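What follows is a single structure, written as structure tokens, with notes after it.
The values are calculated or read from the model by the stated rules, or taken from the named source; none is laboratory data. Since this is a predicted model, take the numbers as computed values, not measurements. Ideal geometry is used to build each Cβ from the backbone, glycine not excepted, and the neighbour counts take in all protein chains shown. The area values use the complete protein model at the heavy-atom level, side chains included, leaving out ligands, DNA and RNA. Shrake-Rupley method; radii C 1.70, N 1.55, O 1.52, S 1.80 Å.
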Amino acid sequence: MRPVKYRALYLHIPFCRAKCLYCDFDSRALTGCALEEAIGAYCEGLSAQVDAHGNAGELSAVETVYVGGGTPSLLGGRLVGLVDLVRSYCEPVEFTCEANPESFTLDLAQALRAAGVTRISLGVQSLNASELKATGRIHSAEQAMLAVAQAKAAGFSTSCDLMCGLPGQTLDTFAETLRSLVTLNPDHVSVYPLQLEEGTPLARMEEAGEMEVPDEDFQAQCMDLAAEVLEEAGYERYEVASYAKPGHRCRHNIAYWTGKPYLGLGRSAASMLDVCKGECREARFIACPDVQKGEGSRMRGEPLSPKEENLLSRSDARRGESLSSCPDERNEEGLSAREKGLSLREEGLSAREEGLLSKGKALPPIDVNLSMDGLSSVRVSSDVARIRFKQLDDAGGQFETEELSAREATAEDLMLACRMTDGISADLLARAARVIPDDELSFACQQAVEKGLAVWDGGALRPTHLGWLEGNELFGIFWNLAYES
């Protein structure tokens, strides 16, 4: 069978020393021997997955790699080993590792740089001591500033994540964090509004009246202030929450927003593959013992009806605030594209959204065929244009799948393009017109313009400032094209 050629690779590391109070991501807070034991077992399984896909020839075209979590920098030397392993199968032009300031050292920075990592994404969040404490961050402002300096000294393209709308935060303290960060001259900055997730300690504290979190209007003010300060400092805003110096846009996240095929390995990581135009009609996973015994029901998938999809999309849209960007670069790889468009907020991603890949319903087994290269294949039906699959366990033996028609995949691409300043290109509109009736596509564009959410610019449809502030409305206009009128 011809190997799949993924363009982006994500590895998920689900370990932290402590869970932040706002965090609902797939991560485990461990320390000491328990952490070391868990990391060792997990990395062994993750390495086996990399080997299986690499030996099958599926990593040779990978252009960008992102190691996120969790806190990948907790792995220390094992992280360097994973980098070496991945690079034995591909030569990415961008290789990002996430790090938290308290576990990022100069020795680790130099080892990662020597191994071929090109980019570090640091979870700074704030440079105000009381705001860090209020959210359960375990690093200090001084540690964060040192980590930025170390990353730059080691020669990395350096990205920093910030959050706004934190408990006790004011416009003055947020501005102070922004201006202090700018003096450190990172190459990339992402700013995400805090979103309270049900069941997290911060959400419970807010419900009990023990802590007050700033409202959406404050978050909007912060996002506008970030744009002003960062653009004055020479950063270009290229996505609703992302700013970069020239040449430092995150190519990995752009791959997600522009529909390139990506592979996610590790628990909760998601993958996406287009299977239209007679290309590969199979998605392949690591074969675990249960699958090898013929228990194909471990891998499940069933497309939702249009009514179910619409209800789920609306539910996701309500959960995300229109100001926010999707969870930050960290765990974005584990989200479905619709989540990335409709749920806008900080980190981890990637924090973990309940996804369209976990539908919470009994799903029938889908056909599983075993090959000799350590991978098992799931064949999709002829009317499916795109398949996404999410790993549910550590070993890579349990997956949930989502299948999209050509029309759904096109609507998804249109929606995601609205996240970026470049917007919906003339080329994407032309491709969309081959799948979606011209009158429906034209009406959607007209709606976006008439509502002030987008403007025409040289044949492209670009989001306006209002379009980003009212992101869920803009995204919804184009996602609704997934359904026949």
Given the conditions (1) more than 21 Å from the chain's Cα centre (by Cα); (2) surrounded by 16 or more Cβ atoms within 10 Å (Cβ to Cβ), which single one is not true for Ala269? (1)
Given the criteria in contact with a strand residue (DSSP E or B) (Cβ under 7 Å, 6 or more places away or on another chain) and open to solvent by 50 Å² or more (accessible area, probe 1.4 Å), does Leu392 qualify? yes
For Leu122, indicate whether it is buried (at least 17 other Cβ atoms within 10 Å of the Cβ) and over 18 Å from Ser27 (Cα atoms). no
Look at Leu127 and say whether it is in a helix (DSSP H, G or I) and modelled with pLDDT of 95 or more. no
Test of understanding: among Ala227, Ala220, which residue is among the small types (Gly, Ala, Ser), more than 26 Å from Gly45 (Cα to Cα), open to solvent by less than 30 Å² (accessible area, probe 1.4 Å) and modelled with pLDDT of 95 or more? Ala227
Restricting the range 395-429 to residues that are under 30 Å from Glu44 (Cα atoms) and in contact with a strand residue (DSSP E or B) (Cβ under 6 Å, 6 or more places away or on another chain), the one modelled with the lowest pLDDT turns out to be Gly396
Could you check, for the range 140-148, whether at least one of its residues is at pLDDT 95 or above, surrounded by fewer than 18 Cβ atoms within 10 Å (Cβ to Cβ) and not in a helix (DSSP H, G or I)? yes
Conditions (1) more than 27 Å from Gly234 (Cα to Cα); (2) at pLDDT 95 or above; (3) hydrophobic (A, V, I, L, M, F, W, C): number failed by Val213: (2)
The conditions are (1) closer than 23 Å to Ser27 by Cα; (2) modelled with pLDDT of 95 or more, and Ala111 fails exactly one of them. Which is it? (1)
Return the total of residues in the range 169-187 being within 10 Å of Glu131 (Cβ to Cβ) and either out of contact with any Pro (no Cβ under 9 Å at 6 or more places or on another chain) or open to solvent by less than 10 Å² (accessible area, probe 1.4 Å) (or both). 3
So, Val117, is that one open to solvent by less than 60 Å² (accessible area, probe 1.4 Å) and either charged (D, E, K, R) or in a loop (DSSP other than H, G, I, E, B) (or both) or not? yes
Looking at the range 190-286, what strands (runs of 3 or more DSSP E) fall wholly within it and have at least 1 residues that are under 30 Å from Asp394 (Cα atoms) and touching a Phe, Trp or Tyr at 6+ places or on another chain (Cβ under 9 Å)? 262-265, 270-274, 282-286
For the range 434-475, give me each residue that is assigned to a helix (DSSP H, G or I), open to solvent by less than 20 Å² (accessible area, probe 1.4 Å) and closer than 16 Å to Thr410 by Cα. Leu441, Ala444, Cys445, Leu474, Phe475
Within the range 406-433, which residues are assigned to a helix (DSSP H, G or I) and surrounded by fewer than 17 Cβ atoms within 10 Å (Cβ to Cβ)? Ala426, Asp427, Ala430, Arg431, Ala433
